[in-house]
Structures are given as structure tokens and as C-alpha cells.
Ligand code: HEC
């Protein structure tokens with residue numbers, strides 16, 4: 001009988017210890033720490049919004065034709081993949097340019113056969129596309 005009571009006491013004491021441990025990790029502080037947002041939203045007019053706006057405008061401005069060709073067009077136009085007119089090769093570009101620059105530019109923007117629209121540079125402006133074509137065709 002005494003033995004049974006003793007083991008019941010040990011059991012209850014064990015339960016209490018466990019309960020305390022669980023309560024520790026579920027304290028209000030512990031929970032709110034875990035619920036903290038991963039990122040934070042920046043509302044216009046707040047200090048953080050001004051900082052991110054400045055960073056965005058600092059990187060704007062047209063990229064050079066050389067940059068665009070280096071990042072996008074060169075993958076096909078440097079070696080003439082799938083019949084692409086080769087960058088810097090006048091003989092490849094002459095028949096293209098004979099169509100008139102506006103037509104060539106429109107074809108590059110809209111895509112032409114294996115040439116993807118905007119040459120895979122989805123965020124290239126028309127101005128940047130024009131600069132890239134001029135760079136590759138030695139037009140400037
Ligand atoms: C996936 C390969 C590929 C990429 C990347 C690519 N081109 Fe092309 N491009 C081609 C091919 C192939 C042609 C030839 C299409 C034809 O005449 O059938 C072509 C043709 C052109 C022409 C000639 C259009 C005409 O009217 O004859 C221009 C201009 C051009 N590309 C510009 C660009 C520019 C600028 C970029 C980068 C922003 C670019 N291309 C990226 C494959 C590519």
C-alpha cells in the first residue's frame with residue numbers, strides 16, 4: 001500500500017515537471033516570438049518606405065546595348081544559334097537591316113520564328129532593345 005502511494009506521488013511529481021516544461025515554451029513571450037512576421041510591410045510615408053524608394057530610383061536608367069547583349073542576346077547571337085544573325089557580323093545583318101530599322105526592332109520586340117519576344121529580356125524597354133540591336137549590327 002505504501003509502495004503504491006509512493007509510486008503515485010512520484011508519478012504526479014513527474015507530471016507536474018512535464019507540465020512546467022510545456023508551460024515554459026508556451027509562455028506568452030515564447031508564442032509571440034514564434035508568431036513574429038518574417039518580413040515587415042513598409043507603408044508609404046513611413047521612414048522605411050523612403051529608404052526603399054531611394055534604392056529603387058538609384059538603379060533606374062537605360063542599360064547599354066552592350067550590357068543587354070552580354071546578359072541576354074549573346075546566348076544566341078554571339079555564335080548564331082538557330083540562324084540568329086551574329087553579333088558584329090555585317091553580312092548577317094545587312095539583309096535584316098534592309099527591311100528598315102523599325103521593322104527589325106518590331107520583330108525583335110514581338111519575336112520572329114526561333115527568336116523569342118524581346119530576346120528573353122522581358123523587362124527590356126523598347127529603347128534598350130534598340131540599343132542592343134544597334135550594338136550587334138554595328139549600326140552605331
Ligand atoms: C534563344 C535565342 C535568341 C536570343 C536569346 C535572342 N535572339 Fe534574336 N534572333 C534569334 C534567331 C534564331 C533569329 C533569327 C530569326 C529568323 O529570322 O527566323 C533572331 C533574329 C533577331 C533579329 C532580326 C530580326 C529581323 O527582323 O530579321 C534581331 C533584331 C534580334 N534577333 C534581336 C535580338 C535581341 C536585341 C536580343 C536580346 C535582347 C535577342 N535577339 C536575343 C535568336 C535569339
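Here, each number is a calculation from the coordinates, and none is a lab measurement. Predicted model, so just to flag it, every value in this text is computed and none were measured. When we count neighbours, we look across all protein chains shown, and the Cβ atoms used for this are built from the backbone with ideal geometry, even at glycine.
Take the Cβ atoms of residue 127 and residue 27, set R0 to 41 Å, and the FRET efficiency comes out at 0.10. The radius of gyration of the Cα set in segment 65-136, together with its Dmax, comes out at 10.7, 29 angstrom.
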